[in-house]
Amino acid sequence: MPHKLIAGNWKMNGLKGAGRELARDLAARARSAAPDCDLLVCPPAQLLIPVGEALADSPVQLGAQDCHAEASGAHTGDIGAPMLADAGCSHVIVGHSERRSDHGESDAQVRAKAAAAAAAGLVPIVCLGETEAERAAGRALAVIESQLRGSLPERGPVGGGTGPAAAGPVVAYEPVWAIGTGKTATAGDIAEAHGHIRGLLREILGRSAGDSVRILYGGSVKPDNAAEILAVEDVDGALVGGASLKADDFWAIGASCP
Ligand code: PEP
């Protein structure tokens, strides 16, 4: 397994000045002391170009938060995966629970977006996770399984050629009740969910491809809980929301990688 991946999801936060400043800060740190993990920041769409410029010649990669399933066309307000690649992105998040709830995105739509991302040479970060009610009803693993089977592009690795997508997709397990709430799943719950996802990936993609998919945990990852979470088996990194907006916190999470 390569380095762990620490991905920052800035969500709908940041104007040009602050976004550029945060990216410059991270890039400067990463240029002077290469972190023991892969770092990725996913700013809102209007910041992709200035943040990409600020990250130039640094190991910090650029990602986006969503893409359309079509490459281009009459889809007002949307953005196509080839546009993201053209803006310098290597990754794109698809199926974040806020997209699923705010925009009613289905597993089939998420799968189409992931396939579009891979076709454009991007690594899709496919998000899934159960709600609090689903966990309370004992349905967490069943929900995770059905979302994974429905959202993952058909056969992997999904990428072609030698671009970043050739490595296949990334999966992010994010229990909805842990996102932005300060609650985190226990190490035992995370191990159970990630182990289940790993088993499914092996079944769906084949053992070797299934083992090479990075599975990120997301949900209130902070500097003070990152080391424990990142040490859990089959946790190959983290998808970080709130704490990715502070350079010190995001950097500290990266430094927690074992
Ligand atoms: C997220 O947005 O994917 C996320 C995990 O947010 P937070 O870290 O704020 O819970």
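The residue list 104, 73, 52, 77 contains one member that is out of contact with any helix residue (DSSP H, G or I) (no Cβ under 9 Å at 6 or more places or on another chain), closer than 20 Å to residue 16 by Cα and either away from the ligand (no atom under 16 Å from the Cβ) or of a type in the set (A, V, I, L, M) (or both), which is 77. Candidates are the residues of segment 68-85 that are in contact (Cβ under 8 Å) with a residue 40 or more places away in the chain and not aliphatic (A, V, I, L, M); the one that is surrounded by the fewest Cβ atoms within 10 Å (Cβ to Cβ) is 70.
Listed here are the residues, each with its yes/no results for (1) without any contact (Cβ under 8 Å) to a residue 40 or more places away in the chain; (2) crowded, with 17+ Cβ neighbours inside 10 Å; (3) closer than 21 Å to residue 118 by Cα.
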| residue | (1), (2), (3) |
| --- | --- |
| 182 | yes, no, no |
| 200 | no, yes, yes |
| 218 | no, yes, no |
| 221 | yes, yes, no |
| 224 | yes, no, no |
| 232 | no, yes, no |
| 241 | no, yes, no |
| 254 | no, yes, no |
| 257 | no, yes, no |
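Note on segment 199-228: residues that are aliphatic (A, V, I, L, M) and either under 21 Å from residue 19 (Cβ atoms) or within 11 Å of the ligand (Cβ to nearest atom) (or both) total 3.
When the residues of segment 133-156 are filtered to those that are free of Cβ contacts under 8 Å to residues at least 12 places away in the same chain and on the phi < 0 side of the Ramachandran plot, the one that is surrounded by the most Cβ atoms within 10 Å (Cβ to Cβ) is 134. With respect to being more than 25 Å from residue 38 (Cα to Cα), modelled with pLDDT of 95 or more and buried (at least 23 other Cβ atoms within 10 Å of the Cβ), residue 130 fits the description.
Restricted to helices (runs of 4 or more DSSP H) entirely inside segment 58-149, those with at least 2 residues that are over 16 Å from the mean Cα position of the chain (by Cα) and of a type in the set (Gly, Ala, Ser) are 107-119, 132-136.
Pairing residues of segment 166-178 that are of a type in the set (Val, Ile, Thr) with residues that are within 13 Å of the ligand (Cβ to nearest atom) and modelled with pLDDT of 95 or more, at Cβ distances under 6 Å and at least 6 apart in sequence or on separate chains, gives 170/125; 171/126; 176/97; 176/129. In summary, residue 250 fulfils each of the numbered conditions (1) within 16 Å of the ligand (Cβ to nearest atom); (2) exposed (fewer than 15 other Cβ atoms within 10 Å of the Cβ) with the single exception of condition (2).
With the requirement that a residue be in a loop (DSSP other than H, G, I, E, B), basic (Lys, Arg) and surrounded by fewer than 16 Cβ atoms within 10 Å (Cβ to Cβ), what does segment 1-52 give you? Residues satisfying the conditions do not exist here.
The values are calculated or read from the model by the stated rules, or taken from the named source; none is laboratory data. All figures in this text were calculated on a predicted structure; none of them were measured in a lab. Quick reminder, even Gly has a Cβ in these numbers, built from the backbone with ideal geometry, and neighbours come from all protein chains shown.
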